[in-house]
Structures are given as structure tokens and as C-alpha cells.
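Values quoted throughout were computed directly from the atomic coordinates according to the rules given, and no laboratory measurement underlies them. Bear in mind the structure is a predicted one, so any value in this text is a computation, not a measurement.
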């Protein structure tokens with residue numbers, strides 16, 4: 001946005017320029033956190049549950065902001081203090097989205113939007129990794145996938161970007177439609193449809209309808225990359241969209257030798273992943289890359305976001321699979337399948353927390369996961385939280401139920417033995433990362449003590 005005038009910025013946001021910037025240059029980027037502000041930034045005062053960001057407008061201007069975008073009530077106060085542009089908009093969040101949409105159009109590059117019940121962040125990372133050797137790609141950071149985060153990522157894409165890869169989050173009906181209208185994707189990827197946010201959308205058909213807003217909102221001629229055989233998405237697809245399916249029997253699949261085949265062509269792609277859900281995400285990513293004219297090849301090199309299947313080797317020889325960023329029945333099953341597929345010198349241990357926002361059927365969903373864990377070869381189950389306690393009822397082996405993550409951390413330190421393979425997974429609100437941290441700390445303590453004894457001996 002550096003080459004935009006203050007009038008262009010105001011017009012793009014649908015706001016009123018109350019005071020000019022006093023500089024011919026536009027803002028470097030947009031921020032909503034005044035603590036992250038750098039000179040030359042546009043500060044957007046977003047109303048929040050506890051505070052209105054507009055209250056920090058004056059401080060932002062005094063800190064060197066290029067300008068502020070705030071509601072009219074705060075704009076009057078800001079115009080009387082500091083230096084820099086002051087833009088007034090009745091709805092700052094909507095104005096931020098409008099500003100991002102205008103920047104997206106000026107960039108005039110292919111945009112890939114990714115959503116789904118499970119794996120959207122990993123798939124977004126995979127798409128960026130496949131495209132990066134061929135084009136200059138910008139991808140959204142983890143969690144920047146809402147009506148605030150997505151526009152910020154769009155606006156941070158620099159001139160010269162050749163492909164944009166964005167993640168779209170869903171909490172209920174209408175959100176994906178809003179995000180789609182902002183980023184105007186050329187390619188829309190839906191990783192899967194599973195039981196998430198059922199408190200808001202009630203059923204799997206509701207999930208498909210909410211995720212399908214991406215398909216409905218894309219322009220004619222855009223490409224939809226969808227799971228093969230997902231009938232719940234069929235009502236939301238239309239002939240004007242080019243459709244690419246992935247998975248067994250789809251347009252993008254693995255052949256008998258394990259090679260990726262796209263559109264009937266065998267790719268020279270080295271996929272170093274063994275987990276079934278990650279390998280499936282690779283297929284979705286290949287479909288998206290091909291849709292923007294990239295033929296991926298070579299070894300797939302990607303660094304996934306934190307707390308998403310991170311493997312941590314402890315000093316005791318135990319291994320922790322730290323997958324506690326989020327959980328729902330679909331991702332729980334995928335993680336348990338991965339646990340079952342891995343060799344271990346000790347036991348398979350699962351520390352599983354509450355799965356939130358599952359609505360009226362939450363107890364049954366948790367009981368089903370307990371039974372699934374038994375079938376996956378889990379020998380010790382630690383159920384964390386009031387909902388997860390139902391897993392114990394259907395689990396066939398040794399099981400413990402605890403109230404919260406801190407209790408689980410204390411118990412895990414006592415129960416996990418050298419050589420064990422430990423899966424830690426639950427909804428983000430449960431905070432199970434403390435379990436992984438406690439096991440790491442315990443292993444470090446044991447290792448330090450052993451080293452000390454050896455030195456003294």
C-alpha cells in the first residue's frame with residue numbers, strides 16, 4: 001500500500017478521510033495491536049469484548065503510525081492529537097476487509113483459499129511448500145484466518161507476490177461467505193467435512209453448508225478442490241466451477257507404487273510422510289498447486305505449525321506426539337490411527353482431552369473415541385476434562401480420568417515410562433500443552449540426574 005495516497009486508502013476502506021496523512025506515501029501494513037505497531041503502519045481500532053481498539057488511536061499516532069482507521073467517535077479525538085491520517089468508518093472491521101479486498105485486486109495474482117474440518121492449516125502449509133520453488137508465494141500465518149486476521153494477511157502480501165495462500169476459519173454460518181467475499185479466491189480447497197462446531201451448525205450437513213460457502217462465493221471459472229465422494233458438498237457445487245477431486249479414485253491420488261498421480265500424470269514428488277491424514281492433505285495441496293499452473297516435484301519440505309503432531313524425543317527414550325492444538329472426532333481418529341501405525345518399544349499411551357462445541361451428541365462422540373482408542377492399540381488412556389471422562393466408559397484397557405490439564409500433567413509424569421509412545425490431543429481450550437511440557441521437564445530432570453551420577457561415579 002506504500003504507493004497509495006491517503007485518499008485512496010480511505011476510499012478503499014469505504015471510510016471518510018478526517019485528516020490527511022501529511023505524507024505522499026501510503027502505509028506499510030495494517031495492524032490491530034498497538035503493541036505491534038511500527039512507524040508507518042496503519043492502526044485499525046477494532047471494537048473488542050473488553051476494550052475498543054479506537055481508544056488507542058491517539059497513542060498509535062504519537063508512536064509514529066502512518067494513520068488510524070477508527071469509528072467516528074474515536075476519529076474526532078484522534079484528529080485533535082498527534083500527526084498522521086485519520087480515517088473514520090462506522091464499522092472498522094468491515095472497512096479493514098474492504099481495504100484488503102482492494103489490495104487483493106491490485107495484486108492481481110491467483111489466490112488459493114483453504115478451509116475444512118481438519119487439516120486446513122497443514123494443507124495451507126503444504127500448498128505453500130509445493131509452490132515456493134516455482135513462484136513467489138505468500139501464505140497466511142497460523143490463526144490469521146478470521147474476519148480480522150485474513151485481511152491483515154492479505155494486506156501484508158508484498159508487491160511481487162505471485163500466489164497467495166490463505167486459510168479460512170469457520171465458527172458458524174456466514175463466516176466463510178464473508179471471508180470469501182474479501183479474498184475472492186481463484187482456487188477453493190475443502191479438506192474434509194467432519195463433526196466440528198456442531199453447537200452452531202447442528203449436523204454434518206450444516207458443516208458442509210458452512211464450509212460450502214467457499215464454493216458458493218467463488219467466481220464462475222474458479223477451481224474447487226474437494227474430497228472425492230463427499231456427497232454433502234454436492235449441493236454447493238455448480239457446473240460453472242472447475243472441479244478437482246482428491247483421494248482414492250480421484251483426480252489426484254497415489255498409484256500402487258505410492259507415487260502421486262495428478263490428472264493421469266505421475267509426478268516426481270517425494271512424499272516423506274507416513275501418517276494417512278498428512279498424505280491425504282498432500283493430495284489436496286497438489287490439486288491446488290496444479291490449479292494455479294504449478295507442477296510440483298522433488299521432496300516435499302515443510303515445517304508445520306506448532307502443536308500439530310510435533311514429535312518430541314524425551315531423554316528417557318519415550319516419544320511424545322504433541323498434537324494438542326485442537327481436536328474433534330475426525331482428527332482424534334486420524335491421530336489414533338497414526339499412533340497405531342508407529343513402532344514403539346513401550347506402550348501406546350493416549351492423553352485425550354475434551355472435544356468442545358459438539359452440541360447435544362457430545363457424550364456419544366466421546367464414548368466412540370474411547371472405543372476407537374481401544375481398537376487402535378492404546379494400552380493406557382488418560383481422559384482429561386468432564387466430557388472426556390465418557391471415553392473411559394468404552395475403553396477396554398487401563399484408563400484414568402482427571403479433571404483438567406494440570407492434573408493430567410502430574411499424572412502423566414508418574415505413569416509414562418521409558419520407551420512409551422504418548423499422544424497428547426484435545427481441544428485448544430483444554431490446554432494440554434502443559435502435559436507435553438511436564439513430560440519434557442521430567443525427562444530433562446531424569447537425564448540431568450543420570451549425568452550427575454555418572455560424573456560423580
So what's the projected area for the range 310-448, the Cα convex hull averaged over all directions, in nm²?
6.9
Return, for the Cα atoms of the range 51-177, the radius of gyration and Dmax in Å, separated by a comma.
16.8, 50
Taking the square root of 5 times each eigenvalue of the Cα gyration tensor, what semi-axes in Å does the equivalent ellipsoid of the range 6-91 have, largest first?
17, 14, 12
Angle between the chain longest axis and helix 405-415 axis [Cα atoms, degrees, rounded to 10]:
30
Rounded to the nearest 5, the percent of DSSP beta bridges in the chain running antiparallel is 20
Checked the range 126-206 with the C-alpha gyration tensor, a ≥ b ≥ c its square-rooted eigenvalues, rounded below a/c of 1.5, otherwise prolate if a/b is larger than b/c and oblate if not; verdict prolate
With just the Cα atoms of the range 69-124, tell me how far they stretch along each of the three principal axes, in Å, largest first.
47, 27, 19
Value of [θ]222 nm, deg cm²/dmol, for the chain, DSSP H segments ≥ 4, -39500 (n - 2.57) each, nearest 500:
-11000 deg cm²/dmol
Just to compare against my own numbers: the Cα pair-distance distribution for the chain, 20 Å bins, whole % per bin, please.
23, 48, 27, 2
Taking only Cα atoms of the range 161-257, what ratio of Rg to Rh do you get with Rh as the Kirkwood inverse-distance radius?
0.98
Using all C-alpha to C-alpha distances in the range 109-299, build P(r) with 10 Å bins and read off the rounded percent in each one.
10, 40, 37, 12, 1
Share of Cα-Cα pairs in the range 342-394 beyond 15 Å, whole percent, is 42
Normalised by the residues of the range 109-299, what does the relative contact order come to in percent, with Cα pairs under 8 Å and at least six apart?
22
Grab the alpha carbons of the range 45-98, take their convex hull, and tell me the volume per residue in Å³.
69
I want the antiparallel fraction of DSSP beta bridges within the range 303-386, as a percent rounded to 5.
45
Relative to the longest principal Cα axis of the chain, at what angle does helix 329-341 sit, 0 to 90 degrees, rounded to 10?
50
Give me the percent relative contact order of the chain, please, defined on Cα pairs under 8 angstrom at least 6 residues apart.
10
Report, for the range 109-299, the % of DSSP beta bridges that are antiparallel, rounded to 5.
20
